[in-house]
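Readers should treat all values here as calculations from the given coordinates under stated rules, not as data from a laboratory. On a predicted model such as this, the values are computed, not experimentally measured, just so you know. A quick note on method: Cβ atoms are made from the backbone with ideal geometry, for glycine too, and the neighbour counts reach across all protein chains shown.
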Amino acid sequence: MIRSSSLFCIFIFALISPAQEPQGFDRLLFHAAPKPLSAEAKTSDWPRMLGPTDDGKSPETHLLHDWGPAGPKKVWEVTKGDGYTSPSIVGDYCVIFHALDNKETVECLHRETGKRFWNFGYEIQYQDRLGYANGPRGSPVIGEDCVVTLGVTSMLHCLDLKTGAVKWKHDLALEYLVPQEFFGHGATPLIHDGKVFVNVGGKGEKIDGHEGQQDRMKKLASPGVCVAAFDLKTGKELWQVKDEWGASYANPVMAKLHGELRLLVFAGGESNPVTGGLLCIDPKDGKVYERTFWRADMYTSVNASSPVVIAEKNRVFVTTAYPKGKPIGGLMLEFDPQWKAKEVWRSAKIACHWMTPLYREGHLYAIDGETERLARLVCFDAETGKEVWEHEITWQMPIKGQNYNFSILRASLLDVDGSTLCLGETGSLHWLDLSPKGCKELERTQLWIAPNTWALPVISRGLLYVGQHDRDQVDGTEQRFLCYDLRAP
């Protein structure tokens, strides 16, 4: 007979035992092992949506820049459900987040084989009001052996990176009165120094049923919790910022300004009249130092491009699209030592929908334009706000005996290995040479032909990870996460 204490020990061991060896599963297709890494290659993890430095830049080197007409070779692919997320990678662990069979699903895969360490899911009831995907927008975040996800219905989870065990969770919609918004909850959380920072976007205060009518109305009309910090280990709320500005689709960013860390949140959820803008917050206690309105004058507009930090000048750039009335586009701010922001310049010609501009050597490179038809690749002088150039990347491609015109449309840009990797909106992949002198296309391939390629590509240890977020319009291939070999010989 086994004693109850022995059963307890077995149970505890099961909870704390390391992850098992990864296993193959029915949605995985393995193609071929990647080449060995160059001995001189610099490598990096990719723990969150915008990379290790939250700016769309990677320190990786010795990547393959000449892949030929067939493109880089596939390592593995995994069919996926709804969502517009990127993988996050630390060590051997590659975490993906999507909605599969009415469940928001977190899966931890081996980065080189695609085999699965663990998976975790929970049921959701979500129907996008505007007909887009019924899955997460915010990517998983990895930090201190934890995985944090914020789902489309505002479910916040913290999981153990190695086992997938739930450490804690919050139903933000229930606890903070978060509305569905236009496209559900979409901002990726930020992990820093043992805290999880979230653009919550709550509305009003909870009603406990004992208030009089006047108090009830006052609570409903009061500002909700716009931003909150949670303890990474326990999930306990550490502080909150109450503000009428809601939850945007931009990621919170940690910036070092005047030698001090400040949390930048580009907020702005559903509201009429529209509200939203940039909050500058002390990450230690939630003190708000500055609040700068920046939101397009259109009810259905969103703030989705994350703040760009120019630390050496104590400046921050924000941009938004949706040009109803007078479009506002981009705004460059400079913070003084008391954290008050002054406008340096503004331009309606650098209005990004969701991509975060690249800052490099005094210039901003971005995709301006709300819609596919208006999209254009631009370069701006970050000091003056003057447009330096615009460039079209177009080509023709035969499909079933007929030539079709293609463009990068509202693409994503990743600064890596001395060049810029560009992922076009319909699945094209390009190496670009971007400089103030212009844009030169160095290499191109078509990974698939499908709309809604809206998430930044990921580079880690010489491998490229991308998400195909819609069905291929030519061969019908389902949505997938794919891993490609970009290691130079």
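Within the set LYS242/LYS287; LYS80/LYS115; LYS80/LYS103; LYS42/LYS440, which residue pairs have Cα atoms separated by over 19 Å? Mind dumping the intermediate values first?
Working: LYS242/LYS287 11 Å; LYS80/LYS115 14 Å; LYS80/LYS103 12 Å; LYS42/LYS440 25 Å.
Cα-Cα > 19 Å for LYS42/LYS440; rest within.
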Open item on the list: How high is the relative contact order of the chain? Use alpha-carbon pairs under 8 Å, at least six apart in sequence, and give a whole percent.
Closed with: 14
Open item on the list: Of GLN479, ILE408, TYR126, which is farthest towards the positive pole of the chain's charge dipole, taken about the Cα centre with +1 and -1 on the beta-carbons of Lys, Arg and Asp, Glu respectively?
Closed with: TYR126
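How much mean residue ellipticity at 222 nm does the chain get from its helices, if each DSSP H run of length 4 or more adds -39500 (n - 2.57) and you divide by all residues, to the nearest 500 deg cm²/dmol? Write down the numbers at each step before the final one.
Details: 3 runs with 27 residues, N = 489.
Theoretical 222 nm ellipticity from helices: -1500 deg cm²/dmol.
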Open item on the list: Can you match semi-axes √(5λ) of the Cα gyration tensor in Å to one of these, [x] 33, 31, 21; [y] 33, 27, 22; [z] 51, 37, 20, based on a calculation from the structure here?
Closed with: [x]
Task: Test item: Cα-centred dipole of the chain, Lys/Arg +1 and Asp/Glu -1 on Cβ, debye - done: 220
Open item on the list: I want the local charge near GLY424. Using Cβ-Cβ distances under 10 Å, sum +1 for each Lys or Arg and -1 for each Asp or Glu among the other residues.
Closed with: +1
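Just need the relative contact order of the range 362-453 here, percent rounded to a whole number, with Cα pairs under 8 Å and 6+ apart.
The normalised contact order for the range 362-453 reaches 19 percent.
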